[in-house]
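What follows is one structure encoded as structure tokens, with my remarks underneath.
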Amino acid sequence: MKYRKKPVVVEAFQWKPEMGEVGPVKQRFIGFVIETPEGDMFVNDGDWVIKGVKGEFYPCKPDIFEATYEKVE
């Protein structure tokens, strides 16, 4: 059997250092470390930060984001 992932609309933005920190931040370097349900993850300049369906935040590399998501009008 095969299954297709249901489309889900998420809030997201591309992070730049001048924006400051977002979400539950643990440490700050050139980017920052964010707490996610899967554990701590680093957010770099240009990474997308996605707000999940339960209000959680997680980072996504630009190439993966572009291949996975499309803008909703």
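Taken together, the values in this text are just the output of simple stated rules run on the coordinates, not laboratory data. Note that the structure is a prediction, hence the values are computed from the model and not measured.
For the stretch 11-68, the square roots of the Cα gyration tensor eigenvalues, ordered a ≥ b ≥ c, give a/c of at least 1.5 with a/b no greater than b/c, which places it in the oblate category.
Close amide H pairs (under 5 Å, H built 1.01 Å from N) link residue 57 with 52, residues at least 5 positions away or on another chain. Taking amide H positions as modeled 1.01 Å from N, with prolines and chain starts lacking one, the residues under 5 Å from residue 15 and 5 or more places away or on another chain are 46, 47, 48, 49.
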